[in-house]
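First up is the structure itself, then whatever we jot down about it.
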Amino acid sequence: MFQTLYSYFWWERLWLPANLTWADLEDRDGRVYAKASDLYITLPLAFLFLAVRHLFETYVATPLAGLLNVKEKVRLKATPNAVLEKFYVATTKHPKQADVEMLSKKSGCTVRQVERWFRRRRNQDRPSLLKKFREASWRFTFYLIAFIAGMAVIVDKPWFYDLREVWKGYPIQSMLPSQYWYYMIELSFYWSLLFSIASDVKRKDFKEQIIHHVATIILISFSWFANYIRAGTLIMALHDSSDYLLESAKMFNYAGWRNTCNNIFIVFAAVFIITRLVILPFWIMHCTVVYPLDLYPAFFGYYFFNFMMVVLQSLHIFWAYLIIRMAQKFITGKVVEDERSDREETDNSEEEEELAKNGPLSNGHPVLNNNHRKTD
């Protein structure tokens, strides 16, 4: 049974154009080709990334946060209450009005006290500002290094300047050592992101993030199997070109450097739109959809690869919508919040009125303003 499934999975017609077999991609005459077994190393490398990330966040990001004066917002803790805690954990964090009234009778608290308790309890579970800064620092460091390394891998290649060179001689294209390591490191990093997504800061686009990571892992893996390596390196470098800008904007945001954050975000928005909504669909996807048909008839792998590209492009359009909304607020000078994040909830009781004067908080830190910094 297993052998039959294995044979069907690796059937040449799924992965390679007609009249080509895996035997055509065996190493010979000093030429080395990509092999599926090469990707086994990415799983242990992913766990190594998680270990390196822990060390980086502890010994680099945390001291850096102190130097940048990243401060936590003082959160009022919910008074211990067994009845409310049990409902919070077992039922829902957002009780309806009928539930609030029922809990008020059971706990002996007023309706207002129950509502305040749930607001404070939800705020307790929100990730700290330091945690967000550490995560952003780690991703910024990786994306910046990956972008520089990716450009070093492809900038001297003919297919970087002429996309028709991507398919010249395909699929008999030998693999370079630089391409091997670029693929292994990128794929390992995305595995590590997928493994840690449950414990990372959870945003409103949590499901879209999972889809993105899974689609990216599938695309990188498939492009390796089918020897789409030249196209793959271009796509990975293109994606890394804007990611480090977003993470640096977040870091300055958490540190309270509002004007710097705003300026970097505008640059990020421009780079994101140019690379993801212009270059990717009209150059790269045109290259992967149109040019291969000049060399061989379409096959399953051709359709599958481009379908996954469409999935990624759909996510880019979704995120571009959120980015444009935020950029518009930056430019017009309106208060800007992270469109993907939950707001920090505030109590409106009299004793907390002074805290509420500072306004709503977004994503665990003060909202952004083009001209000044709100107090923590």
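The values are calculated or read from the model by the stated rules, or taken from the named source; none is laboratory data. Values in this document were obtained by computation on a predicted structure and should not be read as measured data. For neighbour counting, all protein chains shown are included, and Cβ atoms are generated from backbone atoms with ideal geometry for every residue, glycine included. Accessible surface areas use protein heavy atoms only, side chains included; no ligands, DNA or RNA. Shrake-Rupley method; radii C 1.70, N 1.55, O 1.52, S 1.80 Å.
Data overview
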read-out	value
Cut-off 13 Å, label 7 Å out along Cα→Cβ of D125, residues of the stretch 86-105 by amide N	86-95
Student exercise, the chain dipole from Lys, Arg, Asp, Glu Cβ charges, in Debye to nearest 20	1100 debye
F307-A82 pseudo-label distance in nm [points 7 Å out on the Cα-to-Cβ vector]	5.5 nm
For T332, solvent-accessible area (1.4 Å; no DNA, RNA or ligand), Å²	80 Å²
Crossing angle, helix 177-196 versus the chain [Cα axis fit, 0-90 degrees, rounded to tens]	30 degrees
Cleavage-rule hits (trypsin sites (Lys or Arg not before Pro)) in the stretch 258-338: DSSP loop, at most 15 neighbouring Cβ within 10 angstrom	K334
Sites D24 and S314 - FRET efficiency at Förster radius 41 Å, r taken between beta-carbons, to 0.05	0.75
The stretch 12-160 - charge dipole about Cα centre, Lys and Arg +1 at Cβ, Asp and Glu -1, debye rounded to 20	1540 debye
Alpha carbon centroid spacing (whole Å) that separates the stretch 150-167 from the stretch 74-102	57 Å
The stretch 82-125, Rg to Rh (Cα coordinates; Rh as Kirkwood inverse mean 1/r)	0.91
The chain - percent of accessible surface contributed by carbon and sulfur, probe 1.4 Å	63 percent
Calculated SAXS-style log₁₀ I(q)/I(0) at q = 0.08, 0.13 Å⁻¹ - the chain, Debye, Cα scatterers	-0.53, -1.09
Lys, Arg +1 and Asp, Glu -1 on Cβ, resulting dipole of the stretch 82-125 about Cα centre, debye, nearest 20	100 debye
Projected label distance in nm at I197 and A98, using a 7 Å step from Cα toward the beta-carbon	3.5 nm
Extreme residue, positive dipole direction of the chain, given options S104, V278, F206 (C-beta unit charges)	S104
Probe 1.4 Å, accessible area per residue of the chain, Å²	51 Å²
Label-point separation, V89 to L322 (7 Å along Cα→Cβ), nm	3.1 nm
Acute angle (nearest 10 degrees) that the helix 206-225 long axis makes with the longest principal axis of the chain, alpha-carbon atoms	10 degrees
